[in-house]
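The values are calculated or read from the model by the stated rules, or taken from the named source; none is laboratory data. Predicted model only: the values in this text are computed from it and were never measured. Note: ideal-geometry Cβ built from the backbone for every residue, glycine included; neighbour counts use all protein chains shown.
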Amino acid sequence: MSLFGKNIKKIRSVKGLSQQSFAEIFDLKRGTLGAYEEGRSEPKIETLIKIANYFSIAIGDLLTNELTVNELLKFKGDLTTYTEGLKREEFATIPCITENTTSEYISSYAKEGFIKSLPTVQLPVNPEKEFRGYTVSNLEMTSHDKGFYPKDIVIGEKVPLGIIKKLNTGTLVFVVVEGKLIFRRLYITKNNVVLRADHKNIEDILCALADIKELWRVRYAFYRRIPDFGDEEVAGKLQMIEQEIQKMKEKLS
């Protein structure tokens, strides 16, 4: 068995690359890279050549010599460094939909190549889950000068289509539906969904549950300004009342 897996793991550590980031550079699946690092699989010659050329390492050294941190950093002499053997934390790399890519995302959300071309953000979240970033482009989710403004970014966790009905009333989501990418609150009524804006002058969007192509539940948010949380408790109580009223309406319908 070669030292390839051990060496590429050390390369990642020195270069500060997550498994996902390293895999994307060489068009590999993260699971395939993991198999290499764990010694469960050996690379194809094409992959080996790509990695050797990319890091300017001889193929023979990559396979048969245990590379040192000094060699990888191209240090001279016997200089030692505490970083050898240091386990680096892996952040999840999250593709982010911007205002310029929204239109193309609607038609290409399922194309792996397009998703890889999107700008990314890295966050200390579970890398095993699938996340997507969305850049707010309008004022639909504002209310009384609060809420989300253009250029704010929300991070959503992918929700399997089969369990959308289990989401809580009023959950913040962004969805691909009816040729649009929509960021609103979700309300479910039997086999339909209502996408509701926080802005009182924006009408609801009603669509069939079966028409939803993709749905992301918002987990995190990044604001371009410091939001005012002074009335957060009151707003929370008002939202709870609204949810209860909605539940009563659904029971009567």
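The residues in the stretch 1-18 that are part of a loop (DSSP other than H, G, I, E, B) and either touching a Lys or Arg at 6+ places or on another chain (Cβ under 8 Å) or surrounded by 16 or more Cβ atoms within 10 Å (Cβ to Cβ) (or both) can be counted, and the count is 4. Annotation note: Cβ proximity below 7 Å between a residue of the stretch 132-145 that is outside the structural domain of residue 171 (by TED's automatic domain parsing) and a residue that is in a loop (DSSP other than H, G, I, E, B) and surrounded by fewer than 18 Cβ atoms within 10 Å (Cβ to Cβ) (sequence gap 6+ or interchain) occurs for no pair. Residues in the stretch 171-180 that are buried (at least 16 other Cβ atoms within 10 Å of the Cβ) and either more than 20 Å from the chain's Cα centre (by Cα) or more than 21 Å from residue 147 (Cα to Cα) (or both): 176, 177.
Figure legend. Inter-residue proximity from the stretch 191-219: first residues in contact (Cβ under 8 Å) with a residue 40 or more places away in the chain, second residues loosely packed, with under 14 Cβ neighbours inside 10 Å and assigned to a loop (DSSP other than H, G, I, E, B), beta-carbon distance below 7 Å, spacing 6+ or different chains. Indicated pairs: 209/191.
Only one entry of 196, 224 meets the criterion of being basic (Lys, Arg), modelled with pLDDT of 95 or more and at negative phi, and that entry is 196. Given the condition over 12 Å from the mean Cα position of the chain (by Cα), under 27 Å from residue 18 (Cβ atoms) and not in a strand (DSSP E or B), answer yes or no: does some residue in the stretch 116-137 qualify? Among the residues of the stretch 116-137, at least one is over 12 Å from the mean Cα position of the chain (by Cα), under 27 Å from residue 18 (Cβ atoms) and not in a strand (DSSP E or B), which makes the answer yes.
The residue of the stretch 105-138 that is surrounded by the fewest Cβ atoms within 10 Å (Cβ to Cβ), among those that are touching a Phe, Trp or Tyr at 6+ places or on another chain (Cβ under 7 Å) and either farther than 17 Å from residue 216 by Cβ or β-branched (Val, Ile, Thr) (or both), is 124. Taken residue by residue, the stretch 113-130 has no member that is assigned by TED's automatic domain parsing to the domain that holds residue 158, in contact with a Lys or Arg (Cβ under 7 Å, 6 or more places away or on another chain) and of a type in the set (Ser, Thr, Tyr).
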